[in-house]
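Quick notes on the structure that follows.
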Amino acid sequence: MHSSTRQTDTGDAVSRFSLAVRADAHPLHLVSPCDTCRAREFSACAPLTGEEQRRLAAITRTINVEPHGSIFDEGEPAEYVYTITEGTVKVYKLLGDGRRQITGFLFAGDFLGLIHNEAYAYSAEALVPTRLCRFPRRTLEALLVEISHLEQRLLAMASHELAAAQDQMVLLGRKSARERVVSFILMLSNSAVRHGRPGDPVFLAMTRSDVADYLGLTTETVSRTFTSLKKQGLIELLDEKRIRLCKMSVLREIAEGF
Amino acid sequence: MVDTLTARFLDRRSTDKAYPLVRNIVPDMTVARWTQFVRPHLVPRSPDWPRGVMTIQNAAGYILSLFAFEVRADLHESRIFYMDHIMIPNLPGRETLWASTIDAAERLAEMSGCRAIWAELRGGAEHSDRDLVTSLERSGYVPAGVRAFKRLEARSGRAGDGSDGVKRAPRGLYDA
C-alpha cells in the first residue's frame with residue numbers, strides 16, 4: 001500500500017500527511033471492524049457466522065483513503081483484495097495516449113481487486129472519503145476454501161469490477177446522450193437501494209467529467225443533459241452532488257429508449 | 001452448479017456485455033475485435049449443426065464465464081461437440097465456475113446428439129490453468145491427440161501480425 005501523495009499537486013508536508021492512506025490493524029482483543037461495519041448486511045460477508053467473521057477479521061486491515069487517493073495502480077502486483085465499507089471508488093485504465101478511461105464505479109459492499117491476473121489490470125481511486133477492508137489475496141483464498149458459502153456468495157453477488165464494467169457496457173449501448181445519462185442516474189439509484197441506502201435523492205460522488213468519461217460523452221454534453229432534464233421537471237438538482245428524481249416513470253421510459 | 005448460476009446463450013444484445021470478461025482474459029482485446037469475432041458464432045450454420053457462445057450468468061445477469069461451441073461432423077465420433085475460447089476469470093470460486101461451465105457444455109452436447117466433447121485449451125493468452133485441467137479430469141476428460149501451433153511471419157501485412165490484417169489507429173478502449 002502506498003500513500004496518495006502522488007495526487008497532491010502543491011501540498012505541503014502536513015497536507016500530504018493528511019492525504020496519506022492509513023492502514024489500521026485490528027488486534028483481536030479490540031472490537032472487530034465487522035461489528036461496526038454498515039456495509040456488512042449488504043455485502044458478501046452478511047451470512048458469516050460469528051466464528052467465520054472472527055477469522056475473516058483476523059486477516060483484515062481497515063484502510064482509509066481520502067478523496068482522490070489511490071488504492072492501487074494498474075500494473076501493481078495484485079496482492080490484496082478489498083471490500084468497500086464506506087464511500088465510492090472509480091476504476092480506470094490508462095490508454096496509450098495517457099488519457100484515462102473510467103470502466104466502473106464501486107460502492108459500499110462491493111469488492112475490489114477480486115478478479116486478477118498477476119497484476120491489477122486497472123487503477124482504483126477513491127472519489128470521496130472511503131473506508132475499505134483489505135485482505136491479503138492468498139490468505140483470503142485459503143480461507144475461502146474453508147468458508148465455502150462465502151465463496152459461493154461472492155460468485156452469486158458478483159459485486160465487483162467485472163460487474164461494474166458490464167454495467168458500463170450496457171450503458172454505452174444506449175443510443176443517445178440523454179438515454180445514457182438517465183440510465184446512469186437510475187443505475188446509481190438502484191445501486192444505492194441494493195446497498196441499503198435511499199435511492200432518491202441520488203448521490204453523485206463523481207464529477208461531471210468522470211460521468212462523461214464513463215459514459216463516453218463530453219463534459220459539456222453531460223452538463224447540458226442534466227440541465228435539460230431539470231428544465232423538463234424530470235429531475236431536481238438539489239446541489240452539485242444530489243439529484244432528486246421527480247418523474248420516475250418518465251425517466252425509466254427514457255432509459256429504455258422510448 | 002450453484003443455484004444462482006445459469007447457462008444462457010450469448011445473443012447480439014449481450015455481446016457488448018460480455019466484452020469486459022473477454023478483456024479480462026485477453027487484455028489487448030478491443031470491442032471491435034471481439035464483436036467481429038463473435039458475430040458469426042451467433043448465427044448457426046444450420047439447425048442440425050448448431051454453434052454459438054454459451055455464458056454462465058449469476059442471478060443478477062452478470063456474465064461470469066463463457067465458451068464458444070460448435071457441433072461438427074467427425075470421422076470417428078459422427079457428431080462431436082467442440083468447445084473453444086473458454087473464458088473464466090481468475091476469481092474466488094473459479095472451481096465452481098469451471099464445474100458450471102463444463103456442466104453446461106455437456107448438457108448442450110447431449111441435446112445436440114453428440115457422442116463426444118472436444119475441449120480446446122489454448123493456454124497462453126487465455127490462461128488455461130491447472131484449475132481447468134483439474135476440473136476437466138474430475139469430469140472424466142482425458143488429454144487426447146496433439147494440436148500443433150505455429151505463428152506465421154508477417155508477409156505484406158496479410159498474415160501473422162496477430163490481428164485481422166486491418167490497420168487501425170487506436171483511439172480508446174472501446175474502439176480500434
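The values are calculated or read from the model by the stated rules, or taken from the named source; none is laboratory data. All values reported here derive from a predicted model rather than from experimental measurement. When we count neighbours, we look across all protein chains shown, and the Cβ atoms used for this are built from the backbone with ideal geometry, even at glycine.
Kindly indicate whether residue A:164 is in a helix (DSSP H, G or I), at pLDDT 85 or above, within 13 Å of chain B (Cβ to nearest Cβ) and crowded, with 19+ Cβ neighbours inside 10 Å.
Here the answer is yes, as residue A:164 does meet what is asked.
Give the residue that is nearest to residue A:115 (Cα to Cα), with candidates limited to residues of segment A:144-159 that are buried (at least 19 other Cβ atoms within 10 Å of the Cβ) and more than 8 Å from every other protein chain (Cβ to nearest Cβ).
For segment A:144-159, the residue satisfying everything is A:159.
With A:177, A:164 as the choices, which residue is in contact with a Gly (Cβ under 6 Å, 6 or more places away or on another chain) and either at positive phi or not assigned by TED's automatic domain parsing to the domain that holds residue A:93 (or both)?
Matching residue, one of A:177, A:164: A:164.
Being in contact (Cβ under 8 Å) with a residue 40 or more places away in the chain, basic (Lys, Arg) and in a helix (DSSP H, G or I) is the filter here, so list the residues in segment A:168-195 that pass it.
A:178, A:194 - these are the residues of segment A:168-195 that are in contact (Cβ under 8 Å) with a residue 40 or more places away in the chain, basic (Lys, Arg) and in a helix (DSSP H, G or I).
Of all residues in segment A:132-154, how many are in contact with a helix residue (DSSP H, G or I) (Cβ under 9 Å, 6 or more places away or on another chain) and farther than 17 Å from residue A:52 by Cβ?
Qualifying residue count, segment A:132-154: 0.
Taking segment A:197-219 only, how many residues are within 15 Å of the chain's Cα centre (by Cα), in a loop (DSSP other than H, G, I, E, B) and among the aliphatic types (A, V, I, L, M)?
3
Checking residue B:51 against (1) farther than 22 Å from residue B:111 by Cβ; (2) surrounded by fewer than 21 Cβ atoms within 10 Å (Cβ to Cβ), which single condition isn't satisfied?
(1)
Go over the candidates A:91, A:81 one by one and state the one that is within 29 Å of residue A:41 (Cβ to Cβ), more than 10 Å from chain B (Cβ to nearest Cβ) and not hydroxyl-bearing (Ser, Thr, Tyr).
Being within 29 Å of residue A:41 (Cβ to Cβ), more than 10 Å from chain B (Cβ to nearest Cβ) and not hydroxyl-bearing (Ser, Thr, Tyr) holds for just one of A:91, A:81, which is A:91.
From the list A:58, A:23, which one is out of contact with any helix residue (DSSP H, G or I) (no Cβ under 8 Å at 6 or more places or on another chain), assigned by TED's automatic domain parsing to the domain that holds residue A:132 and at pLDDT below 70?
Step by step, each of A:58, A:23 is checked, and only A:23 is out of contact with any helix residue (DSSP H, G or I) (no Cβ under 8 Å at 6 or more places or on another chain), assigned by TED's automatic domain parsing to the domain that holds residue A:132 and at pLDDT below 70.
When both residues are 6+ apart or on different chains and their Cβ atoms are under 6 Å apart, which pairs have a first residue that lies in segment B:3-26 and is more than 8 Å from chain A (Cβ to nearest Cβ), and a second that is in a helix (DSSP H, G or I) and among the charged types (D, E, K, R)?
B:25/B:126
Can you tell me how many residues within segment A:110-146 are over 26 Å from residue B:66 (Cα atoms) and part of a loop (DSSP other than H, G, I, E, B)?
Residues flagged as over 26 Å from residue B:66 (Cα atoms) and part of a loop (DSSP other than H, G, I, E, B) within segment A:110-146 amount to 3.
From the set of residues in segment A:158-192 that are within 16 Å of residue A:101 (Cα to Cα) and among the acidic types (Asp, Glu), which is nearest to the chain's Cα centre (by Cα)?
Ranking the candidates gives A:161 first.
Exactly one condition in (1) at pLDDT 95 or above; (2) on the phi > 0 side of the Ramachandran plot; (3) out of contact with any Cys (no Cβ under 8 Å at 6 or more places or on another chain) is not met by residue A:216; state its number.
(1)
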